[in-house]
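Colleague: Take this structure, written in structure tokens, and hold onto it; I'll ask about it next.
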Amino acid sequence: MQHSEGTNPALDDSYIYVCPSSELEEDDLIECEIGTETIVVGRGEGNVYAAQGICTHAYSELVDGELDGTCLTCPLHFACFDIRDGSVLEGPAETPLRIYKAIEADGSVWVSNERG
Ligand code: FES
């Protein structure tokens, strides 16, 4: 990645490369790591979003769940989260997901270690 001054957030050192944009189709989920944090990245309604990758209810990797539009369903007990803001749409989870900044730039998907 080239580093230079500019307004493109992909040039910000806080962003890490996830995958080519073409590999993340509508309702797809992919997992990546930022430091020790597991992150789930998804494309919902055309936009890319990133959230903590482990459910807040118990231990379950959300990448194994389903994304339907902006509703992310946990594979274990089927809690639903809004991947845009992490809010709980349906239990049994009660705690929202942490959200991270995700963007597309230069034909790729990027996620920031800064909270969204
Ligand atoms: S572990 Fe996700 S709903 Fe229970």
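Every number here is computed from the coordinates shown, using simple stated rules; none is lab data. This is a predicted model, so every value here is computed, not measured. Methodologically, a virtual Cβ is constructed for each residue, glycine included, from the backbone with ideal geometry; neighbour enumeration extends over all protein chains shown.
Colleague: Output the residues belonging to the range 33-86 that are within 14 Å of the ligand (Cβ to nearest atom), under 21 Å from Pro20 (Cα atoms), surrounded by fewer than 17 Cβ atoms within 10 Å (Cβ to Cβ) and not charged (D, E, K, R).
Modeller: Matches in the range 33-86: Thr38 only.
Colleague: Another question, then. Among the residues of the range 87-103, are any within 16 Å of the ligand (Cβ to nearest atom), crowded, with 16+ Cβ neighbours inside 10 Å and within 19 Å of Glu23 (Cα to Cα)?
Modeller: Within the range 87-103 (the criterion being within 16 Å of the ligand (Cβ to nearest atom), crowded, with 16+ Cβ neighbours inside 10 Å and within 19 Å of Glu23 (Cα to Cα)), the answer is no, since none of the residues qualifies.
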